[in-house]
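Report on the following structure.
The values are calculated or read from the model by the stated rules, or taken from the named source; none is laboratory data. In this text the structure is predicted, and so the values were computed from the model without any measurement. Quick reminder, even Gly has a Cβ in these numbers, built from the backbone with ideal geometry, and neighbours come from all protein chains shown.
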Number of protein chains: 2
Amino acid sequence: MTESSTERDPESVSRFVEHFAAQLVEAGMPRMPSRVFGALLASDTGTLTSAELGEQLRISPAAVSGAVRYLAQVHMVSREREPGSRRERYRVHSDQWYEALTNREAIIKRWEDALRDGVASLGADTPAGRRLAETLAFFEFIERDVAEMMERWRAYREERFG
Amino acid sequence: MTESSTERDPESVSRFVEHFAAQLVEAGMPRMPSRVFGALLASDTGTLTSAELGEQLRISPAAVSGAVRYLAQVHMVSREREPGSRRERYRVHSDQWYEALTNREAIIKRWEDALRDGVASLGADTPAGRRLAETLAFFEFIERDVAEMMERWRAYREERFG
DNA sequence: CCTTAACTTCACAAATTTCTGAAAGAAGCG
DNA sequence: CGCTTCTTTCAGAAATTTGTGAAGTTAAGG
């Protein structure tokens, strides 16, 4: 054992952050947002200031700003003004963010719109039209069902984590 | 009315293809695979040859090749050898592909691995460790539940589309 | 108000990704 | 078994994306 049980070896933290971020990148998220998000997730309080992020990740204030804008836009972090200071703090709400993950809602809606257009313009009575219609039905189904799944998750979480 | 009810105005088809592909791109899929996939989805038989794809989308054989390799890798299309010909045909199985969509399984598994490492190295008894553990629990939950959701979809589909 | 700390925006440089043409590689068909 | 047709691979050009420094904006604190 090296130190107290709540040590935070910066090296270990960094290793996790970079590794986890790499997975997010692989899934399609831009690099800086992924790293910033990883750092927040691995922080003790779940909040970090812009300066802390910049220092920990070795990136410029501009990069932090851009990453945070992205993350806020997809609701994976929220910004808080520290009262009586010009410091901004960024927070990952434990639950907020995976709600966001399943909230591809906006994207799905647009897929649905595109598919509806397609069915209309290709003709509902054509083979292609039918294929599009079935795909559309799938998304509509998913949309309804994911909501229920999140309900189940919240119940499960309540029970297991309180 | 311009022609028969099963007309396939290339202009309309193209408009759909490009519009739908744009949505896929927005969701993180590379451009060419998105366009190729759109074209297949909007085709009458659900299959197209490399040459047809190249002509319809105005792209080089090389681009078709690359796009198809990508799509096959993520199981969104399958390749078929047309017997007695050196033509390859690419097919989108109506159901195969959205199964693939929910099959982020490999990706989720790796997230889980990264999170497990994180819990171990940050300590399960630290605030950050607990946050990671809960996130991990979420993914494990999702994984189980999505499988059930697909079951429900298949049942629903059966009933509605036969 | 003026100063100063903190964040954001902008223009550009760097790195990466994407697509093409050309050449090489399979596979039917005579 | 060689010819021909189709597909893949490869190297490089073009386009896009990403991150930085520097200037600009906002708001706290004297």
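Candidates A:Glu105, A:Glu134, A:Glu99, A:Glu80: the one that is of a type in the set (Asp, Glu), within 18 Å of the chain's Cα centre (by Cα) and within 30 Å of B:Phe161 (Cα to Cα) is A:Glu105. If you check B:Phe16, B:Phe20 for being in contact (Cβ under 8 Å) with a residue 24 or more places away in the chain, closer than 25 Å to A:Gly123 by Cα and within 12 Å of another protein chain (Cβ to nearest Cβ), only one passes: B:Phe16.
Of all residues in the range B:100-120, those that are surrounded by fewer than 17 Cβ atoms within 10 Å (Cβ to Cβ), at pLDDT 95 or above and within 7 Å of chain A (Cβ to nearest Cβ) total 1. Yes or no: A:Gly84 within 12 Å of DNA strand C (Cβ to nearest atom), crowded, with 16+ Cβ neighbours inside 10 Å, free of Cβ contacts under 8 Å to residues at least 12 places away in the same chain and not basic (Lys, Arg)? No. All told, B:Met149 falls short of being among the hydrophobic types (A, V, I, L, M, F, W, C), within 16 Å of DNA strand D (Cβ to nearest atom) and either crowded, with 16+ Cβ neighbours inside 10 Å or under 14 Å from the mean Cα position of the chain (by Cα) (or both). Only one of the numbered conditions (1) over 26 Å from B:Trp153 (Cα atoms); (2) at pLDDT below 90; (3) in a helix (DSSP H, G or I) is not met by B:Met1, and that is (3). For the range A:19-39, which residues satisfy the criterion of being in a helix (DSSP H, G or I) and within 21 Å of B:Glu105 (Cα to Cα)? Answer for the range A:19-39, where residues must be in a helix (DSSP H, G or I) and within 21 Å of B:Glu105 (Cα to Cα): A:His19, A:Phe20, A:Ala21, A:Ala22, A:Gln23, A:Leu24, A:Val25, A:Glu26, A:Ser34, A:Gly38.
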